[in-house]
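Some notes on the structure that comes next.
We did not get these values from a lab; they are worked out from the coordinates using the rules stated. Predicted model, so just to flag it, every value in this text is computed and none were measured. In this analysis, Cβ positions are derived from the backbone assuming ideal geometry, glycine residues included, and neighbour counts consider all displayed protein chains.
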Amino acid sequence: MTNEGKLLGALRKRMRVTRKTAIQRGWSENLTADISRLRNRGFDIDTVTAKTPEGDSYTRYRLIAEPEEVV
């Protein structure tokens, strides 16, 4: 399975997808590029900015909608 496939599987399962988790779980080495490619293919992916308890901010992604298949 490709990195995009692994990443998409995690997004479909509503898993927490951040740069750190993507690298740790082997979903993606370059999360920003993979998210961009999925968006270009028609996937609606939301960017959520969150903060750690220490006050540092980070970005996580969540799948909103998948492209409709054209028959």
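Odds and ends about this structure:
- Length-normalised contact order of the chain in % [C-alpha pairs under 8 Å, at least 6 apart]: 31
- At full extension, M1 and K13 could sit 2.7 nm farther apart than now, given 0.36 nm per residue minus the alpha carbon distance.
- Sorting 60-67, 48-55, 31-38 by average packing, meaning the other beta carbons within 10 Å per residue, from highest down gives 31-38, 60-67, 48-55.
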